[in-house]
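Each remark here refers to the structure printed beneath this line.
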Amino acid sequence: MKTKIALLILFISSNLFAQEQKMTDVEIASFKQDVNVVAKKIKTLTTDFVQYKHLDFLSKDIETSGKMVFKEPALLQWQYKKPYNYSITFKNGKILINDEGKKSAVDIGNSKIFARINKLIVGSVSGNMFDDKEFTISYFKVKGQNLAKFIPKDATLKKYIKQIELTFDKEEATVVQVKLLESSEDYTRIVLKNKVINAKIDDSVFTN
């Protein structure tokens, strides 16, 4: 029985290790190059998303869904459709919010957290995120995917966000998941799917 338990522990440990392995310097360089090559070709991007908000005191994650729209160089909108209508638009240095028709605007310069998250997400599309001196970045291989983990260097930001993880499809070299880990045990996980690249998108889409 002890032998079986030992083998089971070994099997589980081996699987956990296999799920996430650190990239070598050569693999990191290759991964960055792949992302940059693909990013240079992307002028617009539309993708559906499902967001899972994990709160430690809840037994089930809060699930919302909608669409993300990007247009170079830095127009970005999150359109929440279910279970409510809510949009967040990053445009001209401002965050435009439309909450069921109630509109408001926030200067990104006054929100360090939103500014950095926006910069990372836009950077993941434009390919300008890996040289960000505001984060310590580590790279991993997961089955069929690549994972980049960003740890904030800024003490103020660290109070709110412990780590940001971007998961990339290995073949397409585009982001398929964004995960924001808070200073507590709470986190937000956003899964991206049904991507449409370089379709025509009018600027009016980003009007609040």
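The values are calculated or read from the model by the stated rules, or taken from the named source; none is laboratory data. On a predicted model such as this, the values are computed, not experimentally measured, just so you know. All Cβ positions, glycine included, derive from the backbone under ideal geometry; neighbour counts span all protein chains shown. Each accessible area value is taken on the protein alone, full model and side chains, heavy atoms only, with ligands, DNA and RNA left out. Shrake-Rupley method; radii C 1.70, N 1.55, O 1.52, S 1.80 Å.
The conditions are (1) at pLDDT 85 or above; (2) out of contact with any Asp or Glu (no Cβ under 7 Å at 6 or more places or on another chain); (3) over 21 Å from D56 (Cβ atoms), and Q177 fails exactly one of them. Which is it?
Single failed check for Q177: (3).
Where in region 138-205 are the strands (runs of 3 or more DSSP E), entirely inside, with at least 1 residues that are aromatic (F, W, Y) and touching a helix residue (DSSP H, G or I) at 6+ places or on another chain (Cβ under 9 Å)?
145-152, 161-169
Tell me, please, whether a residue that is over 20 Å from V37 (Cα atoms) and either of a type outside the set (D, E) or open to solvent by less than 20 Å² (accessible area, probe 1.4 Å) (or both) can be found in region 118-131.
Scanning region 118-131, I find at least one residue that is over 20 Å from V37 (Cα atoms) and either of a type outside the set (D, E) or open to solvent by less than 20 Å² (accessible area, probe 1.4 Å) (or both), so the answer is yes.
Let me spell it out: the conditions are (1) in a loop (DSSP other than H, G, I, E, B); (2) of a type outside the set (V, I, T); (3) touching a Gly at 6+ places or on another chain (Cβ under 9 Å); (4) over 18 Å from I28 (Cβ atoms), and A115 meets all of them except one. Which number is the exception?
Unmet for A115, out of (1) in a loop (DSSP other than H, G, I, E, B); (2) of a type outside the set (V, I, T); (3) touching a Gly at 6+ places or on another chain (Cβ under 9 Å); (4) over 18 Å from I28 (Cβ atoms): (1).
Would you be able to say whether some residue in region 39-61 is more than 18 Å from L180 (Cβ to Cβ), within 17 Å of the chain's Cα centre (by Cα) and either open to solvent by 60 Å² or more (accessible area, probe 1.4 Å) or without any contact (Cβ under 8 Å) to a residue 60 or more places away in the chain (or both)?
Checked region 39-61: no residue is more than 18 Å from L180 (Cβ to Cβ), within 17 Å of the chain's Cα centre (by Cα) and either open to solvent by 60 Å² or more (accessible area, probe 1.4 Å) or without any contact (Cβ under 8 Å) to a residue 60 or more places away in the chain (or both).
I need a count of the residues in region 159-208 that are aromatic (F, W, Y) and either closer than 16 Å to N36 by Cα or open to solvent by less than 40 Å² (accessible area, probe 1.4 Å) (or both).
The qualifying residues number 2.
Filter region 56-95 for residues that are outside any strand (DSSP E or B) and at pLDDT 90 or above and give the result.
K60, D61, P83, N85
Against the condition at pLDDT below 90, of a type in the set (D, E) and either under 26 Å from K170 (Cβ atoms) or open to solvent by 70 Å² or more (accessible area, probe 1.4 Å) (or both), how does E27 come out, does it pass?
No.
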